[in-house]
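I'd like to ask you about the structure that follows.
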Amino acid sequence: LAEAAGWDGRQRETHKYWRQRYKLFSKFDHGIQLDREGWFSVTPEAIARHIANRCQCDLIIDAFAGVGGNAIQFAFTCCHVIAIDIDAKRLQIARNNARVYGVADRIDFVHGDFLALAPSLKADVVFLSPPWG
């Protein structure tokens, strides 16, 4: 019984995020991909758009790109985006999501550790939204 109750709780939590999928990505039904962590950690699109409007520049680095929510919005307001993530799978998801929004050509996806790469990087803006948990 306790096991069933735990499953029911996970279903409720999953359903809560599923209902908000269009807040995360308005083009969700066009091929957006998310991993488990992405459901909980991606910046909702309206907030990412607001941040991007405040960070307009030529070159921006998204230091912890995750599934690409912020990088995609930066690509609409900045000339070029460098999206860095330590997780190759999440970077692949971000690339897919950028294609859905038609901005993949404005983003360089870099698999690596931002903290190790930082000394060699130069940009107008560095956006830091590290993973939580």
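Which pairs do you get when a residue that is farther than 17 Å from R19 by Cβ and surrounded by fewer than 19 Cβ atoms within 10 Å (Cβ to Cβ), found in region 33-48, comes within reach of a residue that is of a type in the set (A, V, I, L, M, F, W, C) and modelled with pLDDT of 95 or more, reach meaning Cβ atoms under 7 angstrom, with the pair 6+ apart or on two chains?
Final answer for the pair search is Q33/I93; D35/V67; D35/I93.
Return the pairs, sorted by first residue and then second, in which the second residue is among the β-branched types (V, I, T), the first residue lies in region 19-32 and is outside any helix (DSSP H, G or I), the beta carbons are less than 7 Å apart, and the residues are 6+ apart or on different chains.
F25/I32; K27/V100; G31/V100; I32/V100
Restrict the check to region 97-112 and report whether at least one residue is out of contact with any Cys (no Cβ under 9 Å at 6 or more places or on another chain), acidic (D, E) and surrounded by 21 or more Cβ atoms within 10 Å (Cβ to Cβ).
Scanning region 97-112, I find no residue that is out of contact with any Cys (no Cβ under 9 Å at 6 or more places or on another chain), acidic (D, E) and surrounded by 21 or more Cβ atoms within 10 Å (Cβ to Cβ), so the answer is no.
With respect to S129, determine if the residue is polar (S, T, N, Q) and under 18 Å from D35 (Cβ atoms).
yes
Follow-up question, since we're still on this one. Among the residues of region 60-94, which ones are among the hydrophobic types (A, V, I, L, M, F, W, C), in contact with a Lys or Arg (Cβ under 8 Å, 6 or more places away or on another chain) and not in a loop (DSSP other than H, G, I, E, B)?
Of everything in region 60-94, those that are among the hydrophobic types (A, V, I, L, M, F, W, C), in contact with a Lys or Arg (Cβ under 8 Å, 6 or more places away or on another chain) and not in a loop (DSSP other than H, G, I, E, B) turn out to be A75, F76, V81.
Within region 35-52, restricting attention to residues that are among the acidic types (D, E) and in a helix (DSSP H, G or I), which residue is modelled with the lowest pLDDT? It would help to see each step written out before you state the result.
Residues of region 35-52 among the acidic types (D, E): 35, 37, 45.
Imposing the further condition that a residue be in a helix (DSSP H, G or I) reduces the set to 37, 45.
Values: E37: 92, E45: 98.
The selected residue is E37.
Identify, please: which residue in region 64-86 is in contact with a helix residue (DSSP H, G or I) (Cβ under 7 Å, 6 or more places away or on another chain) and within 10 Å of A123 (Cβ to Cβ) and is, among those, surrounded by the fewest Cβ atoms within 10 Å (Cβ to Cβ)?
In this case the residue turns out to be H80.
If you check G102, G66, which single one turns out to be touching a residue at least 40 places away in the same chain (Cβ under 8 Å), on the phi > 0 side of the Ramachandran plot and not acidic (D, E)?
Sole residue among the options that is touching a residue at least 40 places away in the same chain (Cβ under 8 Å), on the phi > 0 side of the Ramachandran plot and not acidic (D, E): G66.
Another question about this same structure. Report, by residue number, each residue of region 18-34 that is at positive phi and either modelled with pLDDT under 95 or of a type in the set (F, W, Y) (or both).
Selection gives nothing.
The values are calculated or read from the model by the stated rules, or taken from the named source; none is laboratory data. Bear in mind that the values here come from a model prediction, so they are computed numbers and not experimental data. Glycine gets a Cβ as well: all are built from the backbone with ideal geometry, and neighbour counts include every protein chain shown.
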